[in-house]
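A.B. asks: I'd like to ask some things about the structure below.
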Amino acid sequence: RHISIQTQLDGLELLVDLNGAGRKSCPLCPEEKFKACYSHKLRRHLQNLHWKVYVEFEGQRMCICHLPCRNLKPSPGGDQTGRHVAHYHCIVCSSTIARKTDMISHLKRHVNKGETEASFSGSSEMLYDEPGTVKPGTVLHQKMMAYEIMKELGTNVQLLPNHTTPQKSDTYFNRKMKSNRQLVFCALAVLAEERNPVECLDAFGATGIMGLQWAKHLRGMVQVTISDISDACVKMIRENCQLNHIGVGGGASPGPDEQAPSASDAVPIATVEVAKMDANVMMHLRSFDYIHLDPFGTTVNYLDAAFRNVRNLGIVSVTSTDTGSLYSKSPNVTLRHYGCHIVRTEYYKELAARMVVATVARAAARCNKGMEVLLAVALEHFVLVVVRVLRGPSQADESTKRLRQLIHCQWCEERVFLKRGSLVDDNSQLPCHCHGSMPGKTAVELGPLWSGPLFNTGFLRRMLFAAVQHSMEDIQPLVKTLICESECTTLKSFAHGPSALTNQVECGVVIKTLDKLVDSRTGDQPGKRKSGEESSSVVKKMKSDASQEHPAFYYSIHRHSIKGLNMPKLNKFLQYLTEAGFRVSRTHFDPTGVRTSATLEQFKSVLTKYSVPSYAGSSAAAAAAAAATVVVTQSGLAMESMA
């Protein structure tokens, strides 16, 4: 190995006799860079320049080297003369790398490829929650010490050092998707109350954390299948099953590095099926009650297979992480993947959610299936859509009728869905008057988009109960916001604590929990499969459970603020809109957004009426704005001139 690789500082000082008299040269620097000096100065040089910026691996420290080990770096002038670059020598492959961060990444690649059994010492910050859950001395226990053990919702999974880089790791894991995993879990828990057992599929397992959470908490209510096309992912999923005392069913045999469970081991708390198979092939071969799709990027390539064999009244949840195309940053990619034309607007997140729902509805219609949207969430990193599948061409026709074009005013950002049978260039449907006062065309046609409701209030209430039952405190505020948004009402009091498990008040509605194992909507035992008549009755009850036609899209109070006037507080402004006779609520899409049944002109009039001048010089401007204040009534909009 190279002389720059040492275990201690003393080894670096032994390269030169510091106790002798006279001047001495640095063993890691050429003479033209560091001239010979006395021992005390050379000792400081070795400690501050070479030893201080080391990279540690397997107890060995690779110090920075200035010797002419690398080729000359060309000068900016283009001549042959150049300079030598400081670098590190890799302890594994003896390659020379200039930057420290590049050297750390280079060593991590060695670990991922299995070229060394030890892990990089920088992983000393790894979180070992319960390393004792695996029997010490086994092969799995030795591998655990080289991986990071992460715990979420009572489930342990081991992660590779580069688990945050999907381009370099098959077993990708994103900590920021915790809210997504909890929402999907609550949706599955609601379905598990309707039918028992639920055959569910996690089509893109990766580390398998989502499927393991389903099996560990819902136990016999679900039959979990985790699939992935990668050999490394399947291997890690089986190891994570052993880590959580979950059996691997489906005739899957332990891998070469795994230890088969002995008779003395504890009985597994649940059993999952792990399959190495492409997601499209898996969904074409088998039928499921619940299917979750979460690939890296868009999901459009898997929607046809998902709706091909999903059972009637089953649920399909879709997580799309291609935010570049969803949030109008790459319109060409959006047109290729989703067949929609969109532009950047103030309501771009809801626009993305309706675009994904429209794509899901078209995929379901191609399989003669309709759908009911149960949940649509768009956050910073993903768009989650949960739909219930309704079989039959009539249901498919009803879903496709809700796909419409959107007319968007580029001047004031007013918007309205184009009515069926309307003219293409008919901008008179917009409530604003920009098309008459501005020259040229002011509106653009977007879509096709989903024009129906994005939430089912009854389903969200049961999701909130599941979140309380399984102690998911992080997701409860979001679900409460979704419930109030689905009803387009302001946030009301919610019950918490043990008493909430018997009676929960959600947006003014009391929900009673199940004292027995009986379906909360049909009154049947959950173990029974539903016949045709029972299924039709469930559809009718689901329609009665569905949300009212809540207003589409929302307005940002900051986007439509008036210069020179101080806006009222958001909660006060919601109260003013309610007093004016409009339905109003906050939205999870935008913290400053307001979902209301008022038009943009009515919205601005209420905002102007209750805004105050920001400084004395703006009193004249405020008086002029107040002169054009719109008096809002519940029946409509009336203009009054004010003195």
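A.B. asks: Give the accessible surface of the stretch 364-439 per residue, rounded to a whole number of Å², with probe radius 1.4 Å and ligands, DNA and RNA excluded.
C.D. replies: Using a 1.4 Å probe on heavy atoms only, each residue of the stretch 364-439 averages 47 Å².
A.B. asks: Label points 7 Å out from Cα along the Cβ direction at Asn301 and Glu380: separation in nm?
C.D. replies: 2.8 nm
A.B. asks: Can you tell me the FRET efficiency between Leu15 and Glu56 if r is taken as the Cβ-Cβ distance and R0 is 25 Å, rounded to the nearest 0.05?
C.D. replies: That pair, Leu15 with Glu56, gives E of 0.85.
A.B. asks: Between Ser471 and Val281, with labels modelled 7 Å along Cα→Cβ, what's the label distance in nm to one decimal, could you check?
C.D. replies: Those two pseudo-labels are separated by 4.1 nm.
A.B. asks: Given a cut-off of 23 Å, name the pairs among Lys572/Lys609; Lys329/Lys572; Lys216/Lys276 whose C-alpha atoms lie farther apart than that in the structure shown.
C.D. replies: Lys329/Lys572
A.B. asks: Continuing with this model, one more query. Taking a 21 Å limit on the Cα-Cα distance, which of the listed pairs Lys176/Lys349; Lys419/Lys480; Lys178/Lys235; Lys100/Lys178 fall beyond it?
C.D. replies: Lys419/Lys480; Lys178/Lys235; Lys100/Lys178
A.B. asks: Between His435 and Thr592, what is the FRET efficiency for a Förster distance of 35 Å, r being their Cβ-Cβ separation, to the nearest 0.05?
C.D. replies: Given R0 = 35 Å and the Cβ-Cβ separation, E is 0.80.
A.B. asks: Arg43 accessible area, nearest 10 Å², 1.4 Å probe?
C.D. replies: Its accessible surface works out to 90 Å², give or take rounding.
A.B. asks: For Asp231 and Ser105, what does the FRET efficiency come to when R0 = 30 Å and r is the distance between their Cβ atoms, rounded to the nearest 0.05?
C.D. replies: Efficiency for this residue pair is about 0.80.
The values are calculated or read from the model by the stated rules, or taken from the named source; none is laboratory data. Since this is a predicted model, take the numbers as computed values, not measurements. No Cβ is skipped: glycine too gets one built from the backbone with ideal geometry, and neighbour counts run over all protein chains shown. Heavy atoms of the whole protein, side chains included, go into the accessibility calculation; ligands, DNA and RNA do not. Shrake-Rupley method; radii C 1.70, N 1.55, O 1.52, S 1.80 Å.
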